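Colleague: After the structure tokens below, expect a handful of questions from me.
Read-outs: derived from the displayed coordinates by stated rules, not from any lab. As the structure is a computational prediction, the values presented were derived from the model and not from experiment. Using ideal geometry, Cβ is built from the backbone for each residue, glycine included, and neighbour counts are taken over all protein chains shown.
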Amino acid sequence: MTAATTLGSVAVAKSSPGLTLILAASVPLLGIGKNNALPWRLSGEIKYFKQVTTRVDPSCPEKPNAIIMGRKTWDSIPARFRPLPDRINVVLTRGNQAAIDTTTSGKDNVLVASSLDDAIDKVGQKAAHIFVIGGAQIYCQALDHPLTQRILLTEVNSTDPEGVAPIDCDTYFDKFPWYPQSAVKPTSKDGGELQWKRQSYEDLKQFVGDQVTSLQPGPIAEKAYTYEFTLWERMA
Ligand SMILES: NC(=O)c1ccc[n+]([C@@H]2O[C@H](COP(=O)([O-])OP(=O)(O)OC[C@H]3O[C@@H](n4cnc5c(N)ncnc54)[C@H](OP(=O)(O)O)[C@@H]3O)[C@@H](O)[C@H]2O)c1
């Protein structure tokens with residue numbers, strides 16, 4: 001590890017790339033999961049997730065990105081699809097690390113870590129970007145981490161003809177405060193002491209770069225849903 005500073009409870013590499021949360025959530029309640037799976041299957045959203053998390057950073061083309069996830073999210077990925085290719089997969093567990101089923105991989109791009117800081121420390125300088133890919137427990141912890149700079153949040157709405165029936169979820173990213181049930185979004189510059197601010201589509205486009213061909217301005221219709229890709233940045 002290179003020179004270190006104390007962030008949170010342990011020392012993490014000073015030059016570690018910042019953390020970006022990436023998730024799809026129903027609005028305004030921010031439901032993200034049901035029965036340890038996604039509540040929906042949206043092919044355009046899956047493609048976006050894959051392109052964003054695997055894109056090569058032109059400033060360090062030799063480095064892959066890292067994705068950090070909780071053990072339950074790892075378990076939710078069918079064994080034949082994990083580890084997610086072309087990314088350093090990092091799985092968090094407080095339990096027996098040897099019990100994480102990484103045996104299907106036979107590859108060296110799976111790391112197991114005992115905390116978020118341990119995960120960041122293990123990734124070290126090896127990744128161009130670090131994405132936190134869920135689930136709710138890990139998003140909630142990462143939201144408060146000093147290295148977390150951005151949230152790529154895909155807002156999902158139901159187009160249920162009966163009206164605004166909430167999407168059926170049992171897992172929520174309810175710590176992110178900007179979607180109260182009133183659905184008031186503090187996006188204005190006059191919004192006072194904003195900690196997180198929703199950025200423009202142009203800012204999102206600039207952040208994800210040209211390789212992410214699935215990026216479109218929303219709302220995008222698919223099946224019984226519409227969804228919109230958004231970028232939020234930490235202001236303070
Ligand atoms: N909509 C989306 O974009 C999206 C993305 C990802 C996941 N999801 C959904 O989210 C749901 C899963 O979320 P979840 O909150 O139940 O589980 P999770 O966050 O994926 O995993 C929780 C597990 O992570 C480990 N863990 C948590 N905090 C830790 C820490 N500080 N240090 C070490 N290990 C730690 C623990 O594993 P041990 O029990 O092994 O100790 C814990 O049980 C699923 O429904 C999934 O489909 C949705």
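Colleague: Report the paramagnetic label zone for Ser59: residues of region 72-96 whose backbone N is under 20 Å from a point 7 Å from Cα along the Cα-to-Cβ axis.
Modeller: So the set is 88.
Colleague: Can I ask one more? When Met235, Met69 are ordered from fewest to most other Cβ atoms inside 10 Å of their Cβ, what list results?
Modeller: The fewest-first ordering by Cβ neighbours comes to Met235, Met69.
Colleague: Sorted from fewest to most neighbouring beta carbons within 10 Å, what does the list Val156, Val112 look like?
Modeller: Values: Val156 25, Val112 20.
Final ranking by Cβ density, sparse to dense: Val112, Val156.
Colleague: Can you give the local net charge around Ala136? Use residues other than it whose beta-carbon is closer than 12 angstrom to its beta-carbon, Lys and Arg +1, Asp and Glu -1.
Modeller: +1
Colleague: Let me ask you something else. Please report the net charge: other residues with Cβ closer than 13 Å to the Cβ of Ile46, K and R +1, D and E -1.
Modeller: So the environment of Ile46 carries a net charge of +2.
Colleague: In addition: Could you sort out which of Lys63/Lys126; Lys47/Lys205; Lys47/Lys223; Lys34/Lys197; Lys63/Lys205; Lys175/Lys197 sit more than 18 Å apart by Cα distance in this structure?
Modeller: Violating the 18 Å Cα-Cα cut-off are Lys34/Lys197; Lys63/Lys205.
Colleague: Working out 0.36 nm times the residue gap between Ala99 and Gln199, then minus their Cα-Cα distance, what length gain in nm do you get to one decimal?
Modeller: On the way: separation 100, 0.36 × 100 = 36.00 nm, distance 4.06 nm.
Working it through step by step, the gained length comes to 31.9 nm.
Colleague: Another question about this same structure. Fewest Cβ neighbours within 10 Å first, please rank Tyr225, Tyr139, Tyr201 accordingly.
Modeller: On the way: Tyr225 21, Tyr139 27, Tyr201 15.
Starting with the residue having the fewest Cβ neighbours, the order is Tyr201, Tyr225, Tyr139.
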